[in-house]
Ligand SMILES: [Fe+2]
């Protein structure tokens, strides 16, 4: 489950049986309004009880700005302190000329952009001393200069940059509706050995398009696509994301249980571990040096 502030005290008091948490990196680095002090002590307490993955929102790997070394130093020292199972960010741009836009903006799918991203991802992974998972984002328009599909772009990029993929199943579905492609082609089109994590979230239907709002329960078509993704990629660690209308912890646990029951249906009980340590090989597979 995504670690969210309204649940901190519940988690520390009740120690619910969640296999692992994903924390938003910037909430614990003093970046983007995160206080750094009290929150990091909370995260350290939670880390004593659970494995934690760190999920960034402002690396801005696709920006025309130079990479932000201060930011990289901050997340490197956070990682040294928290020892996350893995770290991830988004395949997008979020800033330009030093201004953060607080949105995950899409990139054109071109060879030139791949080359640009490959050099930046290699630098970041070298700087942090670890592989990073990059997540596919939702989008509401396409670039007329794109030369390939989103899944071809993601495949080619992940191979050449030697990075992992955090596959957001909801974003695939949202984009498939918004841009009129078959989500199964997407699932079949990305490399199996690069997928380290899934995201599941709710979206809202705006009539002419779907908006990736993370404020609703996961919808039926996304659950269906999740099942297909599990069949294709194996028992991948899966995260429920909720960022708005955050319900009480036990309510959100219902979605965790639903995800687990689908995974058990596909892969059987034995293969669904409650410990992420047992699942680490999924990510190790990404690290094929
Ligand atoms: Fe996501």
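The values are calculated or read from the model by the stated rules, or taken from the named source; none is laboratory data. Given the structure is predicted, the values throughout are model-derived calculations rather than measurements. Here the Cβ is made from the backbone with ideal geometry for all residues, glycine too, and neighbour counts use every protein chain on show.
Within the range 267-275, is there a residue that is within 16 Å of the ligand (Cβ to nearest atom), modelled with pLDDT under 95 and either surrounded by 12 or more Cβ atoms within 10 Å (Cβ to Cβ) or in a helix (DSSP H, G or I) (or both)? Step through it out loud before you land on a result.
In the first step, residues of the range 267-275 are kept if they are within 16 Å of the ligand (Cβ to nearest atom); the result is none.
Among the residues of the range 267-275, not one is within 16 Å of the ligand (Cβ to nearest atom), modelled with pLDDT under 95 and either surrounded by 12 or more Cβ atoms within 10 Å (Cβ to Cβ) or in a helix (DSSP H, G or I) (or both), which makes the answer no.
Looking only at the range 78-108, count every residue that is more than 18 Å from residue 29 (Cα to Cα), assigned to a loop (DSSP other than H, G, I, E, B) and either out of contact with any strand residue (DSSP E or B) (no Cβ under 9 Å at 6 or more places or on another chain) or at pLDDT below 95 (or both) and tell me the total.
Counting residues in the range 78-108 that are more than 18 Å from residue 29 (Cα to Cα), assigned to a loop (DSSP other than H, G, I, E, B) and either out of contact with any strand residue (DSSP E or B) (no Cβ under 9 Å at 6 or more places or on another chain) or at pLDDT below 95 (or both) gives 2.
Specify which of the listed residues (49, 12, 78, 43) is in contact with a helix residue (DSSP H, G or I) (Cβ under 9 Å, 6 or more places away or on another chain) and under 21 Å from residue 166 (Cα atoms).
So the residue among 49, 12, 78, 43 that is in contact with a helix residue (DSSP H, G or I) (Cβ under 9 Å, 6 or more places away or on another chain) and under 21 Å from residue 166 (Cα atoms) is 78.
Would you tally the residues in the range 139-185 being within 15 Å of the ligand (Cβ to nearest atom) and either in contact with a strand residue (DSSP E or B) (Cβ under 9 Å, 6 or more places away or on another chain) or part of a loop (DSSP other than H, G, I, E, B) (or both)?
13
Can you go through 131, 99 and tell me which one is surrounded by 20 or more Cβ atoms within 10 Å (Cβ to Cβ) and away from the ligand (no atom under 16 Å from the Cβ)?
The conditions single out 131.
Name the one entry in 237, 221 that is surrounded by fewer than 20 Cβ atoms within 10 Å (Cβ to Cβ) and in contact (Cβ under 8 Å) with a residue 12 or more places away in the chain. Break it down into steps so the answer makes sense when it comes.
Working: 237 fails: surrounded by fewer than 20 Cβ atoms within 10 Å (Cβ to Cβ).
Unique residue meeting the criteria: 221.
Residue by residue through the range 220-259, note down the ones that are away from the ligand (no atom under 16 Å from the Cβ), assigned to a loop (DSSP other than H, G, I, E, B) and over 24 Å from residue 190 (Cβ atoms).
245, 247, 248
Looking at (1) touching a strand residue (DSSP E or B) at 6+ places or on another chain (Cβ under 8 Å); (2) at pLDDT 95 or above, which is the one condition that is false for residue 214?
The one condition residue 214 does not meet is (2).
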